[in-house]
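Okay, structure first, notes after.
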Amino acid sequence: MQILCLAEMIRFSENCEEAIRQHDLSGFVRRLKSQLESYTSVNVSDAGTGQVDVGVHVLELKLKALILDTIHNIEVVEQLNTSSLTDVADWQWQKQLRLV
């Protein structure tokens, strides 16, 4: 689960920096909200056989972690968008990188 979350945070950072460079943070927020919607619409229990399955439990934990990280990422991008961020070297973005 930690590797999955780390990979997702790396992908988020790369995509966020690209959105900053293209001055499209509002578009990035929309994409993140769409991603959150797809995560929350997944029914992990359909993957099991109805019995308590360790694999299903692990999938649920991974999905919950991704959902929480995505919610946090949406909040970060919305904050960056309201701060009139113009460059990846701006303090608002650098501060977020230190907290990740």
Review point. Which is touching a residue at least 40 places away in the same chain (Cβ under 8 Å) and exposed (fewer than 12 other Cβ atoms within 10 Å of the Cβ), of Arg98, Arg21, Arg11?
Key: Arg21
Point to revise | Scope the range 68-85; condition among the β-branched types (Val, Ile, Thr) and either under 15 Å from Leu97 (Cβ atoms) or surrounded by 13 or more Cβ atoms within 10 Å (Cβ to Cβ) (or both); matching residues | key: Thr70, Ile71, Ile74, Val76, Val77
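How many of the residues making up the range 80-96 are aliphatic (A, V, I, L, M) and more than 18 Å from Val29 (Cβ to Cβ)? So that I can check it myself, show each step before the final result.
First, the residues of the range 80-96 that are aliphatic (A, V, I, L, M): 80, 85, 88-89.
Narrowing the set further to residues that are more than 18 Å from Val29 (Cβ to Cβ) leaves 89.
Within the range 80-96, residues that are aliphatic (A, V, I, L, M) and more than 18 Å from Val29 (Cβ to Cβ) number 1.
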**Study point:** Any chance Val88 is at pLDDT below 95, out of contact with any Pro (no Cβ under 6 Å at 6 or more places or on another chain) and assigned to a loop (DSSP other than H, G, I, E, B)
**Key:** yes
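Here is a yes/no grid of residues against (1) over 30 Å from Trp91 (Cα atoms); (2) without any contact (Cβ under 8 Å) to a residue 24 or more places away in the chain:
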{"position": "Cys5", "(1), (2)": "no, no"}
{"position": "Ser45", "(1), (2)": "yes, yes"}
{"position": "Val54", "(1), (2)": "yes, yes"}
{"position": "Ala65", "(1), (2)": "no, no"}
{"position": "Gln79", "(1), (2)": "no, yes"}
Exercise for review: Could you tell me whether any residue of the range 42-59 is assigned to a helix (DSSP H, G or I) and either at pLDDT 90 or above or closer than 21 Å to Glu18 by Cβ (or both)?
Suggested key: no
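The values are calculated or read from the model by the stated rules, or taken from the named source; none is laboratory data. Everything quoted here is computed from the prediction, not taken from an experiment. Positions of Cβ are backbone-derived with ideal geometry, glycine not excepted, and every protein chain shown enters the neighbour counts.
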